[in-house]
Amino acid sequence: MTAPSTAVQAPERAAPAATPAPTAHGLDARLTAVSDLMDERLTVAALAVAVNTALRVPDVEPVDLADVVRVPAAVQPWRPPVDLYPTPAAALLQRARARLERDGWCQGTTVDEDGARCLYGALRAEATDAAELHDALAVLLDAIRRHFPDEETVPGFNDTHGPRAVFRALDQAADLAHIRNL
């Protein structure tokens, strides 16, 4: 038995919009229409610029950071040493690294006019005695020669390499001194 079917009517379609018949406009009429359209777009754009710049910061003179802040640009920001190694030479190497981060690193001189130090200068400033300095320099030179076998001295390494290599050498030397119990 089949259910009686109800007729469903399709919605009426709207008649297609009548396209305006092309009118014969001259060049002047078309240019005027485009000019009016562009004027409207420029007005909207000007309004958008006004809204976007409503909270404008007053004009101030730019500040040159070199006049305000005097730190060596190539040195990483200072962080206090976490835990000093318990062995004297390793702790000295770690203190020297902290001094270089705090005061700055330089090349060509032990201490420059801004107080920045070279690798040897930082070790000498932090050493409590000559034996401690000697042990730290020996371990540091050994750590340097692991990566740069032709280096002859710590000051020579400092003057021919950048700060990243210097800090890396100090970290590796501190680890090495701690392992050797120096």
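The values are calculated or read from the model by the stated rules, or taken from the named source; none is laboratory data. What you see is a predicted model; the values in this text were computed from it and never measured. Note: ideal-geometry Cβ built from the backbone for every residue, glycine included; neighbour counts use all protein chains shown. Protein only, heavy atoms only, side chains kept; ligands, DNA and RNA dropped before computing areas. Shrake-Rupley method; radii C 1.70, N 1.55, O 1.52, S 1.80 Å.
Work out, step by step, the length gained on full extension between residue 61 and residue 148: first 0.36 nm times the residue separation, then minus their alpha carbon distance; give nm to one decimal.
Working: separation 87, 0.36 × 87 = 31.32 nm, distance 4.82 nm.
Gain on stretching residue 61 to residue 148: 26.5 nm.
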* Asked: How much of residue 110 can a 1.4 Å solvent probe reach, expressed as accessible area in Å² and rounded to 10?
  -> 40
* At a Förster radius of 45 Å, what calculated FRET efficiency corresponds to the Cβ-Cβ distance of residue 160 and residue 48, to the nearest 0.05? -> 0.20
* To do: Run the accessible area of region 76-182 with a 1.4 Å probe and give the carbon-and-sulfur part as a rounded percent.
  => 51
* What figure in square angstrom, to the nearest 10, would you give for the accessible area of residue 146 with a 1.4 Å probe? -> 150
